Amino acid sequence: MATFGETMRAAMTHRRMSLRAVARAVPCDPGHLSHIWRDHYLPGRSTAEAIEHVLGIPGQLTPILEEEAAARRATLEAKNSREMDEDVRRRQAIQMFTTLGISALGPTGEAARQLMAVNFESEFRDLDHWHITISDHMHALNTRPARAACEGLVIDLFAIERQLGTASASEAIELQRINAALATIHANGLTRLGDHSAAIHWSRTARTAADTSGDLELRLLVRGAEANRGLYGQRTPATILRLTGEARRIGGDSSSIGLAKVKVGQAKALSMVGRHEEAKRCLRPLLTSLPTNVDAGGIPGMWKNDVRFAQSWVHAYAGEEGPADQARDQVLTSAPAYQHAANVRLHEALCATVNGGAERGFVQAAEIYDGLPVYQKRSQMIVETCRAILRAAPPEQQDRPAARDLRAITEGVPR
């Protein structure tokens, strides 16, 4: 019986369609489709059905998929039963609880229960389901309290680690891309919680996984995301400039969302150290020639409003109210994630402070902060912007009542 890849290649030859043409029509990443085409790993059912539709062979690929997937699962289950007894699994679960900090993620023990279920039931997911999982966690990060988002995510970090342990070499490439995406999202959540040491650890995990996958776009995207979140009290601007410089050398002259993310982080860091003209020059090309594939790199939703948000940031640090106001309005009218919505409003207070209106800036920042939901008030990304407003004021303004009020807010949230 012909394999999935053999059947697919025969249909492509018959219809005279290239791999890239099929990838565009499905749609899916050409690199991912190339591995499927060569029988390195199997697609999910929805992808298989889309390929059937594009190639005009309804019902020819999905039966092969089901048969091959069942055979692979049986092989993996047999391998697991031979190589891993109950005591080993229990020790692995305890080790993962320690590594992920699961004891701090909630009093109910629900996350621990789900991790144990994953450990003992050897849950297996196809690649389509893993990509849906990434989208689910990005949505949770942008709409829910950071602690809840992280609690749900650690379960899938454990599951992907288990699946990588039994994957073939070729399947592991795509699973490493997923691992990099999940680790990046987790690092973002930990940054919002102010757990910077753990966030840096998971940033390294994301970089290693992305590098292992060989996907240049993903390598740049995770580095760009690391640089941008590092600016919220996690690292010095000098360190961010070093990281972005290294990432730009990796990316070269490529036109990609990943490299654009890196440049955005670089522009923000430049503005924080007073290099305002360099920051604006770094952003300027992105305003006119932004890459169009915003979901490239395997993390849908990782890029949204980034250039306009960075524009608001850069002009606020430079004290340029008109351009900052314009960029802020563009962000606020585009359904931003909650931390962007809060921070561009705080940029207005930052700009006022830079321009000598410290009293106005302090009062405005405190009012904005007081109006936020409780879970947003705990986000380090929002609190650190309030701290930036305090730092922007001259020393003689630091002991004014409005400054003391704003400082009380920032000191009440752990770094």
Q: Specify which of the listed residues (ALA392, ALA335, ALA352) is touching a Lys or Arg at 6+ places or on another chain (Cβ under 7 Å) and either of a type in the set (A, V, I, L, M) or assigned by TED's automatic domain parsing to the domain that holds LEU231 (or both).
A: ALA352
(Q) Given the criteria farther than 18 Å from ASP128 by Cα and either hydroxyl-bearing (Ser, Thr, Tyr) or assigned to a helix (DSSP H, G or I) (or both), does THR13 qualify? (A) yes
Q: Select, from GLU161, GLU174, GLU151, the only residue that is touching a Leu at 6+ places or on another chain (Cβ under 9 Å) and over 28 Å from THR410 (Cα atoms).
A: GLU174
Q.
Within segment 325-415, considering only helices (runs of 4 or more DSSP H) that don't extend past its boundaries, which have at least 2 residues that are closer than 23 Å to HIS196 by Cα?
A. 338-354, 374-377, 380-392, 401-411
Q. Which ones in segment 312-353 are surrounded by fewer than 22 Cβ atoms within 10 Å (Cβ to Cβ) and among the aliphatic types (A, V, I, L, M)?
A. ALA318, LEU332, ALA335, ALA337, ALA341
Q) Is it the case that ILE57 is at pLDDT 90 or above, aliphatic (A, V, I, L, M) and not in a helix (DSSP H, G or I)? A) yes
Q. Which of the residues that make up segment 47-71 are hydroxyl-bearing (Ser, Thr, Tyr) and closer than 21 Å to GLN176 by Cα?
A. THR47
Q | Top-ranked residue of segment 139-151 - restricted to ones that are in a helix (DSSP H, G or I) and touching a helix residue (DSSP H, G or I) at 6+ places or on another chain (Cβ under 6 Å), ranked as nearest to ALA341 (Cα to Cα) | A | LEU141
Q: Consider only pairs whose beta carbons are under 6 Å apart and that are at least six residues apart or on different chains; among these, list those whose first residue lies in segment 156-174 and is modelled with pLDDT under 85 and whose second residue is assigned to a loop (DSSP other than H, G, I, E, B) and among the aromatic types (Phe, Trp, Tyr).
A: SER170/TYR41; GLU171/TYR41
Q: Name every residue in segment 166-221 that is within 13 Å of the chain's Cα centre (by Cα), more than 19 Å from GLU246 (Cβ to Cβ) and among the hydroxyl-bearing types (Ser, Thr, Tyr), in order of residue number.
A: THR191
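The values are calculated or read from the model by the stated rules, or taken from the named source; none is laboratory data. Here the structure is a predicted model, which is why all the values come from computation and not from measurement. Cβ atoms come from the backbone with ideal geometry, glycine included; neighbour counts cover every protein chain shown.
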